[in-house]
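Each remark here refers to the structure printed beneath this line.
The values are calculated or read from the model by the stated rules, or taken from the named source; none is laboratory data. Not measured: the values here are computed from a predicted model. Note: ideal-geometry Cβ built from the backbone for every residue, glycine included; neighbour counts use all protein chains shown.
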Amino acid sequence: MMKTPDVGRLVRTLGPLPVAMHGARLVNIARKRAWRPLLPALVKRWRGRADAAVDQADCAALRRLGSALVDDVAPGAPTLLAETLVLAGRVQGPFPPADWSTAGAHPLQRYEASYLEWFDALISDGSPAALELAAQGLQAWRHKAPQIAVAWEPYPRARRALACLRAASRLAVGPQSASAAKLQKTALHTAATATFALDALLERHLDGNHLLVDHFGLAAADAVFGSIHKRPADWLARATTVFEAQLHGDGAHVEASPMYHALLTEDALNVALLAGASAADIQAAADRAVSWMAAVAHPDGTLPAFGDTDPSTLDACPLLRGRLANAEANRGGAGCNPDPHASVFAARSPSAHVVVHTAQPAWTNQPGHAHDDALSVAINIDGRTIVADAGLCGYEGDKQRPWNRSAAAHSTVQLDGAPGIELWGAFRVGERGAVDVLDHSVNGSIAYCLARHRWPEDRHSHDRLVAVLSAGAALEGVLIADTVATGRHVTARLRLSHGVAARPIADTHAIIDPAGVHLLSNLPLDIRPDRRFPQRGREAPCQSVVYHPRADHRSWLLLSRERAPDPAAVQSLLASITARW
């Protein structure tokens, strides 16, 4: 029996999108259907044209990027050397696989197989065994590639071009040998092949990170090969324009996912090195993105898991990590992100780093990576992440994705039967509310942010105050206060990071170990077993501290090295901060 479509939900999903995106989607479908049957012939033609492109490759551009990557070994290299292929955080099978079409795999795994980031990872290891394995894998993939339809969609092609140009750059500064030279030529040939006709398939029907990566791939190819397309264009300038358009005033990427922000910034830094002297504008945009990440990334190198985010993403971003290390060395003292309206409020004290997710529930042009995580909070104390959202369990085809996108997987409030954002499918978003930053300040020893999450049509609301209290304040630590306006039952969570445990002292008092942090509340606390994903798709046990705010009562929690001598002191501090609400 055919399932009746939910017309209202479809309207709520498609209605907010720009009108031009609907037309672009129809054009994209028509184009793919037209050229997909011709793929083998097209790939053969593109490979023939790539020979000339390889001959004119700019070796100086490759050496600039290779010199910056010379000390990097990609995190996936050891697993690949053990002849195991991991895609989308899950073991796909032996490497190289017997069938590169990865039949039966999750959709994202089929895409990732053709990004060829596994190839770059092996090249980064640099050992003879790794280079031999990389050559075997690339040869087998190239043989199968013309029959793999998803390999020739725009995003995999752009990702493949970037990965192969990184690999060729590593080889340009590594030990020179006949086998390395041959492998470098094949990598360049594969990158050039991937970018032919890519300019005619730009993903304007998706926008966001997809459209930007398409432009980065073309800009990187032009920096190395010169103009190799039928319709020559200044792809570096175009990529810069799209990148700048996708950054908020505070430097945050519009999709509000720290993971995609990090990956896109890493791509931009790659393109800037390849482009050299002509890269001033894209470098300036990348500098803004790096500054935002410096405010948001925890001291232990993990990312707050807002939206679709793998907390360990920085492990795969060597250029960005280097920039962040310099930013950390030059930071000095406490501080906060000056503009929380677009994305996050991030504040630091000598012992704590706190990030509050103040972004809108979903970006209009690309809402698919959004989660129901408005006003979620991430807390790092003494360099260790204490409070952390669940992380990214998977994408399309993952049975846990509906839970992963729900408020239950985040350190925020959940209303029974009333999600803050209408999430359906793997990447679909219907009705959504709004977030307003009502007040924020850095006033001597107190940095705080007050924001409100409004449900669609203002049916419910949640106000959250997060304050970082440094030495000199009436209290020290991190204060979280919640006020809800709803007739529904409310569940609030502080999701603890894996390896961190809470033990109860009293109904409203617990200690978080091994950090030795006291957690005091004016509501009963319930400590429950839970789970999170510190690396995509890799589950780890954790705990959640659960409490139930009431509409007629302001709830609060204080994380502090010292137990507050009297809850009245917390109430007094709250009153002083909120006097102008």
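Do we find that residue 33 is touching a helix residue (DSSP H, G or I) at 6+ places or on another chain (Cβ under 7 Å), among the charged types (D, E, K, R) and not in a loop (DSSP other than H, G, I, E, B) in this structure? Don't jump to the end; show me each part of the working.
Working: touching a helix residue (DSSP H, G or I) at 6+ places or on another chain (Cβ under 7 Å): no; among the charged types (D, E, K, R): yes; not in a loop (DSSP other than H, G, I, E, B): yes.
In short, no.
Can we say residue 304 is touching a strand residue (DSSP E or B) at 6+ places or on another chain (Cβ under 8 Å), modelled with pLDDT of 90 or more and buried (at least 16 other Cβ atoms within 10 Å of the Cβ)? Against the criterion (touching a strand residue (DSSP E or B) at 6+ places or on another chain (Cβ under 8 Å), modelled with pLDDT of 90 or more and buried (at least 16 other Cβ atoms within 10 Å of the Cβ)), residue 304 qualifies. Residue 235 meets all of the listed conditions (1) in contact (Cβ under 8 Å) with a residue 40 or more places away in the chain; (2) touching a His at 6+ places or on another chain (Cβ under 7 Å) but one, namely (1). For segment 433-454, the tally of residues that are under 24 Å from residue 350 (Cα atoms) and surrounded by fewer than 19 Cβ atoms within 10 Å (Cβ to Cβ) stands at 6. Here 20, 34, 60, 50 are screened, and the one residue that is within 24 Å of residue 270 (Cβ to Cβ) and either loosely packed, with under 13 Cβ neighbours inside 10 Å or outside the structural domain of residue 186 (by TED's automatic domain parsing) (or both) is 60.
The residue list 395, 448 contains one member that is within 24 Å of residue 259 (Cα to Cα) and either in a loop (DSSP other than H, G, I, E, B) or in contact with a strand residue (DSSP E or B) (Cβ under 9 Å, 6 or more places away or on another chain) (or both), which is 395. Per this entry, residue 43 is not counted among residues that are modelled with pLDDT of 90 or more, assigned to a helix (DSSP H, G or I), of a type in the set (Val, Ile, Thr) and exposed (fewer than 14 other Cβ atoms within 10 Å of the Cβ).
Pairs linking a residue in segment 103-115 that is in the same structural domain as residue 213 (by TED's automatic domain parsing) and among the polar types (S, T, N, Q) to a residue that is at pLDDT 85 or above and part of a helix (DSSP H, G or I), with Cβ atoms under 8 Å and 6 or more positions apart or on different chains, are 114/141; 114/145; 114/150; 114/151; 114/156; 114/160. Against the list (1) surrounded by 19 or more Cβ atoms within 10 Å (Cβ to Cβ); (2) of a type in the set (A, V, I, L, M, F, W, C); (3) closer than 17 Å to residue 96 by Cα, the condition residue 152 fails is (3). Pairing residues of segment 122-137 that are over 20 Å from residue 316 (Cβ atoms) with residues that are part of a helix (DSSP H, G or I) and of a type in the set (A, V, I, L, M, F, W, C), at Cβ distances under 6 Å and at least 6 apart in sequence or on separate chains, gives 135/183.
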